[in-house]
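Trainee: Sending over a structure as structure tokens; questions will come in a sec.
The values are calculated or read from the model by the stated rules, or taken from the named source; none is laboratory data. Just so it is clear, the model here is predicted, and its values are computed rather than measured. Here the Cβ positions follow ideal geometry from the backbone for every residue, glycine too, while neighbour counts run over all protein chains shown.
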């Protein structure tokens, strides 16, 4: 008897796990067969199911994701091109430059000089609409997104247990629709595991604003220091189909804002872009995130290069 294909939900979960694998190994050398073996499925099934669910072949996604993350580093970090090439999984600067130039139609050096990226126009328009809506309440959103309100903090090596909430035509809108239920699920895990010090966070795996809005992958997850991870949490994360990602220790800019994650997300990018352009700080990576503190309270964490601040 011919074996029935797995349900659509299972196919989607496998595709999202493969997507997360690519993000977690962005600087490593691997092949598609390594991923299909890790997932426990055949190479052929992996190839076709990922393309069907995500809308592009896996290796095309891997290449695009790496180059977009490298473009984000060119945009906001203080790394030189050689360091960015290495962090993006390229063995040589020449190979990185060739791939980058073919994809973006500009060399890494030229890309770094672009004043405003095409995708930024949409982001800045959204910022403007949010600012106007916020100002109607008698407050000024720009007063909250001010560097003088930040504090510098250090986060030890941490683990992120997360799930992809949305991607596709309107990923942010879909994330907002799913976040209430997802936050309750994650906080229940923390309650059962007795981990009150852990944070529930949200962000994207992608480079804002390099990645097209329609291709962004939004996630929600549990973030806590590696030293606080318990066997019970690891087991429960596996049961709940959460992916695991190790976040390196580093210095962060912390900005508390009196608004929910949805309202804070777009102005957060404008805040990063403005102060990087002004030379106030440089990012050490693309892994910024928003911590969900309360119904109308969030904390933004931006990794920065301490030696350049």
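Trainee: If you go through segment 196-219 one residue at a time, how many are farther than 30 Å from residue 116 by Cβ and modelled with pLDDT of 95 or more?
Mentor: So the count comes out to 3.
Trainee: Looking only at helices (runs of 4 or more DSSP H) that fall completely inside segment 1-101, which ones have 1 or more residues that are over 30 Å from residue 283 (Cα atoms)?
Mentor: Where helices (runs of 4 or more DSSP H) fall fully within segment 1-101 and carry at least 1 residues being over 30 Å from residue 283 (Cα atoms), they are 8-24, 32-39, 43-54.
Trainee: Which residues, counting only those in segment 205-236, are closer than 18 Å to residue 286 by Cα and either assigned to a helix (DSSP H, G or I) or outside the structural domain of residue 288 (by TED's automatic domain parsing) (or both)?
Mentor: The answer is 213, 215.
Trainee: Oh, and also: With 153, 202 as the choices, which residue is part of a strand (DSSP E or B), closer than 25 Å to residue 281 by Cα, in contact with a helix residue (DSSP H, G or I) (Cβ under 9 Å, 6 or more places away or on another chain) and in the same structural domain as residue 298 (by TED's automatic domain parsing)?
Mentor: That would be 202, the only listed residue that is part of a strand (DSSP E or B), closer than 25 Å to residue 281 by Cα, in contact with a helix residue (DSSP H, G or I) (Cβ under 9 Å, 6 or more places away or on another chain) and in the same structural domain as residue 298 (by TED's automatic domain parsing).
Trainee: So residue 191 fits all but one of (1) over 30 Å from residue 88 (Cβ atoms); (2) out of contact with any helix residue (DSSP H, G or I) (no Cβ under 9 Å at 6 or more places or on another chain); (3) outside any helix (DSSP H, G or I); what number is the exception?
Mentor: That leaves (3) as the condition not met.
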